[in-house]
């Protein structure tokens, strides 16, 4: 119990003080598997998550393997990692001003892009509890939902699933009627501290609801070290983006903004 408490104190301290993240450039200690040590037995005990590339691509999830379509997400992965490492951040929230901006697609692509870095260990949490879609994107229905794990109804290791050796995915099973009771609860914050202490991930990604639709994201952002806002060029209004940016910055560090669905016309640019 004392060891667990010490680990929890260390996790909390790492989110409030600047410091170094684990060295993301280190070579894998075991060429036949992902990182060893650091709770490796806990990772290995999780139910495996099988992903089919054909199904993923249909949903614009293109980063499971290295390819040209994955390049923009790989660049985002590297930029985000470098900035988080510089500031000692581990927890990354992803949100948008309004729905249909592509934040969940961004979250899934970023998580799978990170999974291709064998020396890194990452976690993806589906906290868009009113409209969860990660399970549909991954074509997998978990036996238990993330809400059950956060409230303690089931142990985390019976709910979360593991893709390869270095990505844990905690998905929602169905819509939650009152998500704020989970996202605002001290119990959820404590549960995430325990998960971080026991599994020691390098990066934790939280797919949050769109900020301006309800108070769900506002309830959770205090638990994140930083956030990315996803705006869609043909959907997001500038006034919506400005409000979202201000409110995110009041709760956590704004890591960056991704402009989705921008159509670059090189001919128009040359003729301008």
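The values are calculated or read from the model by the stated rules, or taken from the named source; none is laboratory data. A quick note: this is a predicted structure, and the numbers were derived from the prediction, not measured. As a convention, Cβ positions derive from the backbone with ideal geometry for all residues, glycine included, and neighbour counts pool all protein chains shown.
Within region 145-167, count every residue that is surrounded by 18 or more Cβ atoms within 10 Å (Cβ to Cβ) and closer than 21 Å to residue 209 by Cβ. Within region 145-167, residues that are surrounded by 18 or more Cβ atoms within 10 Å (Cβ to Cβ) and closer than 21 Å to residue 209 by Cβ number 8. Taken over region 28-51, residues that are surrounded by fewer than 12 Cβ atoms within 10 Å (Cβ to Cβ) and either modelled with pLDDT of 85 or more or in contact with a strand residue (DSSP E or B) (Cβ under 8 Å, 6 or more places away or on another chain) (or both) amount to 4.
Would region 117-128 turn up any residue that is free of Cβ contacts under 8 Å to residues at least 40 places away in the same chain and either within 25 Å of residue 248 (Cα to Cα) or touching a helix residue (DSSP H, G or I) at 6+ places or on another chain (Cβ under 8 Å) (or both)?
Step one: list which residues in region 117-128 are free of Cβ contacts under 8 Å to residues at least 40 places away in the same chain, which gives none.
The answer is no, given that none of the residues of region 117-128 is free of Cβ contacts under 8 Å to residues at least 40 places away in the same chain and either within 25 Å of residue 248 (Cα to Cα) or touching a helix residue (DSSP H, G or I) at 6+ places or on another chain (Cβ under 8 Å) (or both).
Residue-level check: of (1) touching a helix residue (DSSP H, G or I) at 6+ places or on another chain (Cβ under 7 Å); (2) part of a loop (DSSP other than H, G, I, E, B); (3) modelled with pLDDT under 95, residue 98 misses just (3).
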